[in-house]
Amino acid sequence: MTSPLRNLKLHWRRLTDAQEVVLDGVRISTAANTLPRFVRSALFKESYEFHERQLVREKLSPGDRVLEIGCGVGFISLLCAKRCGAENVLSYEANPLLEQIIRGNYALNGLTPNLRMRAITTNAEPITFYRSDNIVSSSTKDRGAHAETMIVESDRLDDVVASHRPNVVIMDVEGAEIELLSTSELEGVKHIIVEVHPHITGEASIQEMVEKTNRLGFKIEAEAHRTILLSR
């Protein structure tokens, strides 16, 4: 899709105050009172999670089992459910403000992937979560953005992998990917689709994380913008 066409879609949907869009067969609410302006604009332009969507379409097949960490508004969760079956998708989201949005999008599509409103950690201990007014930028990392702090319960990544048995892990956790992927065994996982955040973690930490996953047999298969596909 060309940039002028994206911009045309953006302006038309803003003009008509579109309440939902359909991307890759997934219906997503774009109600203005629930989303930050930049997320709504990306949905209107159909550029939202573009590289992640592309990798999901290319790599996932019916019957694949997916663990998604960082569900956001539920779009990737639903895209995975359409490709693999909702019963094969387990999504985690630590931000309680997003639950109503996620479940609303699930209802729009008549699909119910497994959703747990908890964090994923390396030790299953409660964590401090920094909840921002910009709901999609809330994080387990203190980004100094006047965020409200709250305590969130968590599950241990290796325990969830052992119980759910995913062969695909999808992760967008605003910087927490470094610790998670650097310290977990990821038994049975064949593909990791991860968005990295160099502005939060620094490039050196990302390189160290990639090297540690290399020792588990993962190699970078694809890389676009800040989205990396690691496969073994």
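Computed from the coordinates by the stated procedures, all read-outs in this text should not be read as laboratory data. In this text the structure is predicted, and so the values were computed from the model without any measurement. All Cβ positions, glycine included, derive from the backbone under ideal geometry; neighbour counts span all protein chains shown.
Suppose every K and R has +1 on its Cβ and every D and E has -1 on its Cβ; what is the size of the dipole of region 1-108 about the Cα centre, in Debye to the nearest 20?
In total the dipole reaches around 400 debye.
Report the equivalent ellipsoid semi-axes for the chain in whole Å, largest first, defined as the square roots of five times the eigenvalues of the gyration tensor built from alpha carbon atoms. Can you show the working numbers first?
Details: eigenvalues 143, 81, 67 Å².
Each semi-axis is √(5λ); the values are 27, 20, 18 Å.
DSSP beta bridges in the chain, what fraction antiparallel, as a percent rounded to 5? Walk me through the intermediate numbers first.
Details: 20 of 38 bridges.
In the chain, DSSP labels about 55 percent of beta bridges as antiparallel.
Could you give the length gained by full extension between residue 185 and residue 33, i.e. 0.36 nm per residue of separation minus their alpha carbon distance, to one decimal place?
Values: separation 152, 0.36 × 152 = 54.72 nm, distance 4.05 nm.
Here the segment from residue 185 to residue 33 would lengthen by 50.7 nm.
Hull surface divided by four, with the convex hull built on the Cα atoms of region 1-110: how many nm²? Let's see the in-between values first.
Working: hull surface 27.3 nm².
Average of the hull's projected areas for region 1-110 equals 6.8 nm².
Mind checking which lysines have their Cα closer than 24 Å to the Cα of residue 212? Skip sequence neighbours fewer than 8 apart in that chain.
Candidates past the 8-residue exclusion: 59, 141, 190.
Along the charge dipole of the chain, Cβ charges K/R +1 and D/E -1, which of 224, 70, 92 sits furthest on the positive end?
Of 224, 70, 92, it is 224.
How big is the Rg/Rh ratio for region 158-217, C-alpha atoms only, Rh by Kirkwood, two decimals?
My calculation puts Rg/Rh at 0.96.
Ignoring the sites themselves, what is the longest stretch of the chain with no GluC sites (Glu not before Pro) in a DSSP loop and at most 11 other beta-carbon atoms within 10 Å? Please list the in-between numbers first.
Details: sites that count: 185, 187.
Maximal segment without exposed cleavage sites: 1-184.
Count the DSSP beta bridges whose two residues both fall in region 150-232, then state the antiparallel fraction as a percent rounded to the nearest 5. Don't jump to the answer; show the numbers that get you there.
Working: 10 of 14 bridges.
Of all bridge pairs located within region 150-232, approximately 70 percent are antiparallel.
Using the Cα centre as the reference, give the magnitude of the dipole from point charges on the C-beta atoms of region 153-197 (Lys, Arg: +1; Asp, Glu: -1; all else neutral), rounded to the nearest 20 debye. Working shown, then result.
Working: 3 positive and 11 negative charges, 56 e Å.
Once rounded to the nearest 20, the dipole reads 280 debye.
Once you keep just the Cα pairs under 8 angstrom separated by 6 or more residues, what percentage relative contact order results for the chain?
On the way: 421 pairs, mean separation 34.6, N = 232.
Reported as a whole number, the value is 15 percent.
Could you give the size of the charge dipole of the chain about its Cα centre, using +1 on the Cβ of each K and R and -1 on the Cβ of each D and E, expressed in debye and rounded to the nearest 20? Present the calculation step by step, with values, prior to reporting the outcome.
Details: 28 positive and 32 negative charges, 181 e Å.
So the dipole magnitude of the chain works out to roughly 860 debye.
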